[in-house]
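Colleague: Before we start, here is the structure in question, set down as structure tokens.
The values are calculated or read from the model by the stated rules, or taken from the named source; none is laboratory data. No experiment lies behind these values; they were computed from the predicted model shown. Cβ placement follows ideal geometry from the backbone for every residue including glycine, while neighbour counts extend to all protein chains displayed. We work out accessible area using only protein heavy atoms, side chains counted, and drop any ligands, DNA or RNA first. Shrake-Rupley method; radii C 1.70, N 1.55, O 1.52, S 1.80 Å.
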Amino acid sequence: MSDPSARLDITRAVFGLVLAGEVDAHTAPDLAANLEPLPAGDGDVVLDLADVGFMDSSALRVLVEAHDRAAAHGRRLVLRAPSAAVRRLLEVSGLSEHLAIE
């Protein structure tokens, strides 16, 4: 992580990334760095968000950019099991209508 006080753990998995903690202005650059380039493969790029307790607009920007890059390569960005707080932010922002959520 770029900021030692940041509270976001990012783990690479076969299907994509598993996130735990908070994605905000301090940690969003770490997420962006892990999504650029997209994880290898031809299928969906999956972000497991079950253990993300907080997400702000900085994170939404990263998700939209990754979604656009994935689509440009014929892939999908899939948000897996977003926590209640993340799901609410996606709904309020209108992104739940545009991003793939499982």
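Colleague: Tell me which residues, restricted to the range 78-102, are within 15 Å of L19 (Cβ to Cβ), touching a helix residue (DSSP H, G or I) at 6+ places or on another chain (Cβ under 9 Å) and in a helix (DSSP H, G or I).
Modeller: Listed by number, the residues that qualify are V86, R87, L89, L90.
Colleague: Among the residues of the range 63-84, how many are under 14 Å from the mean Cα position of the chain (by Cα) and either of a type outside the set (A, V, I, L, M) or within 15 Å of A50 (Cα to Cα) (or both)?
Modeller: Within the range 63-84, residues that are under 14 Å from the mean Cα position of the chain (by Cα) and either of a type outside the set (A, V, I, L, M) or within 15 Å of A50 (Cα to Cα) (or both) number 11.
Colleague: Can you say whether I101 is modelled with pLDDT under 95, β-branched (V, I, T) and open to solvent by less than 60 Å² (accessible area, probe 1.4 Å), as far as the supplied structure shows? Even if it seems obvious, please write down each step before you answer.
Modeller: Values: modelled with pLDDT under 95: no; β-branched (V, I, T): yes; open to solvent by less than 60 Å² (accessible area, probe 1.4 Å): yes.
The answer is no for I101.
Colleague: Being part of a helix (DSSP H, G or I), in contact (Cβ under 8 Å) with a residue 12 or more places away in the chain, among the aliphatic types (A, V, I, L, M) and in contact with a helix residue (DSSP H, G or I) (Cβ under 7 Å, 6 or more places away or on another chain) narrows it down to one residue among L17, L60, L38, L49; which is it?
Modeller: From the options L17, L60, L38, L49, the qualifying one is L60.
Colleague: Quick one: in the range 5-14, which of the residues that are touching a residue at least 12 places away in the same chain (Cβ under 8 Å) and open to solvent by 70 Å² or more (accessible area, probe 1.4 Å) is nearest to D44 (Cα to Cα)?
Modeller: R12
Colleague: I've got another one for you. Suppose the filter is among the charged types (D, E, K, R), in a helix (DSSP H, G or I) and at negative phi; does R75 pass it?
Modeller: In short, no.
Colleague: For D30, are the conditions met, namely being charged (D, E, K, R) and surrounded by fewer than 18 Cβ atoms within 10 Å (Cβ to Cβ)?
Modeller: Details: charged (D, E, K, R): yes; surrounded by fewer than 18 Cβ atoms within 10 Å (Cβ to Cβ): no.
Judged against the criteria, D30 is not a match.
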